[in-house]
1. Would you call residue 91 in a helix (DSSP H, G or I), at pLDDT 70 or above and over 20 Å from residue 221 (Cα atoms)?
2. Looking at the structure I just gave you, is residue 192 more than 23 Å from residue 373 (Cβ to Cβ), open to solvent by 60 Å² or more (accessible area, probe 1.4 Å), of a type in the set (S, T, N, Q) and more than 20 Å from the chain's Cα centre (by Cα)?
3. For region 167-181, how many residues meet the condition of being under 27 Å from residue 375 (Cβ atoms), without any contact (Cβ under 8 Å) to a residue 40 or more places away in the chain and open to solvent by less than 80 Å² (accessible area, probe 1.4 Å)?
4. Within region 129-158, which residues are modelled with pLDDT of 90 or more, open to solvent by less than 30 Å² (accessible area, probe 1.4 Å) and not in a helix (DSSP H, G or I)?
5. List the strands (runs of 3 or more DSSP E) that sit entirely inside region 273-381 and contain at least 3 residues that are at pLDDT 95 or above and either open to solvent by less than 20 Å² (accessible area, probe 1.4 Å) or under 20 Å from residue 254 (Cβ atoms) (or both).
6. Which one of these is modelled with pLDDT of 90 or more, open to solvent by 50 Å² or more (accessible area, probe 1.4 Å) and touching a Gly at 6+ places or on another chain (Cβ under 7 Å): 109, 104?
7. Using the structure shown, decide if residue 258 is in contact with a Cys (Cβ under 7 Å, 6 or more places away or on another chain) and not in a loop (DSSP other than H, G, I, E, B).
8. When you scan region 81-97, do you find a residue that is within 16 Å of the chain's Cα centre (by Cα) and either in contact (Cβ under 8 Å) with a residue 24 or more places away in the chain or open to solvent by 10 Å² or more (accessible area, probe 1.4 Å) (or both), even just one?
Amino acid sequence: MNFNSPERLLNPYPDYAIWRKDQPIWWADDIEAWVVSRYDDVRAIMKDAKKFSSTAMGERDHEISLPLLTDDPPKHTQLRAIVNKAFTSRTLKAMELDVEDLVDAMLNDLDPIEPVDISAEFTIPLPIAVISKLMGIPFDRKDDFKRWSDALTGTSNANSLEERMPQIMEMAAFFQSLIPERRQNPGDDLISKIVAAEVNGSALEDMEIVGFNMLLLIAGNETTTNLLSNLLYYLADHPAVWETLRAEPDKIDAAVEEILRFDAPVHWVSRRATEDVVISDQLVKAGQNVFVLMGSANRDESHYVDADKFCLDREKKQDHHTFGHGIHFCIGAPLGRLEARYALAGLLNRFKKIAHAPDAKNERTNSSMLRGFHHLWVELG
């Protein structure tokens, strides 16, 4: 049996439910990895960085590695310390006005008289604008940043790495060109901090700096973009929930948290077993890869009541796996939540309703890993 399937991209959840019930771990020939779907198994694997290495995430078919994502301790710990200061509560508090202003400016540019491609006009550019400001790169290159991110993550419509590689190398060249400038004239931006950072008394090599910045750009926009588009897709399907949120804006945070669980923007990560280990009665041998399905764990009926329902009053709010678990918990999670909160609040303040546009040509991301929309047409009123 294969893991990747065009039909599964539209709605993977029925298959996830079958796997949890009948095949909590199974071997997928096309990805040459074990697929793990139950909540407790997923959590245990993500928590144990010694038995399950992140190096499997680095085995992509291009030569540029992405630090943090593909590193284990102690290097992971050292690299994470570089960006920790950029995501403190104090820094995020200072970012709130910027995010609110960006939301207002983008929503002011929307013309609700006609159907709106809310992805192209709002959910894609907003996170790019925020991460661009943090990194100190020009937002007017937003189309390039999105194009490069899609190429690197494999979510574009390109059919092969050969088609994507020129854009990946273009992205790498852009960040490499910034290194001399930031060494000579450092600022308070993330790129300057990475260029100036040292690990064990030595500066990072240029290609490590390039990979670090590529990771920050894609992590800073892809997850939040997909979170927002999945949420708006759901709300367009459920006008009563939109009305509830307009009447009770104190539930906005709950709506953001619930969509993170219910229709996660990131559905899996891969790990490599460093020793023989048993998962749900199945022996996984040292060296074998494991696909950890957070998107399935988030719908596990043995852990969540009414797991397949979107519930604003859910008791367990932040025990999902969308931002990871353990040492690889997403460092940008608070920023993503902040952006989503202001984005949804801005929309609710302006528009009494949201609905799917008739005959809309919506386009989902072409990925089993990242779930969201490249194009999502809605009517706002």
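The values are calculated or read from the model by the stated rules, or taken from the named source; none is laboratory data. What you see is a predicted model, and the numbers here were worked out from it, not measured in a lab. Because the Cβ atoms are built from the backbone with ideal geometry, glycine has one as well, and the counts that use them run over all protein chains shown. SASA here: full protein model, heavy atoms, side chains in, ligands and nucleic acids out. Shrake-Rupley method; radii C 1.70, N 1.55, O 1.52, S 1.80 Å.
1. So residue 91 fails the test.
2. Spelling it out, it is not the case that residue 192 is more than 23 Å from residue 373 (Cβ to Cβ), open to solvent by 60 Å² or more (accessible area, probe 1.4 Å), of a type in the set (S, T, N, Q) and more than 20 Å from the chain's Cα centre (by Cα).
3. Looking only at that region, the number is 3.
4. 137
5. Hits in region 273-381: 289-293.
6. Sole residue among the options that is modelled with pLDDT of 90 or more, open to solvent by 50 Å² or more (accessible area, probe 1.4 Å) and touching a Gly at 6+ places or on another chain (Cβ under 7 Å): 104.
7. Taking the combined requirement at face value, the residue satisfies it.
8. No.
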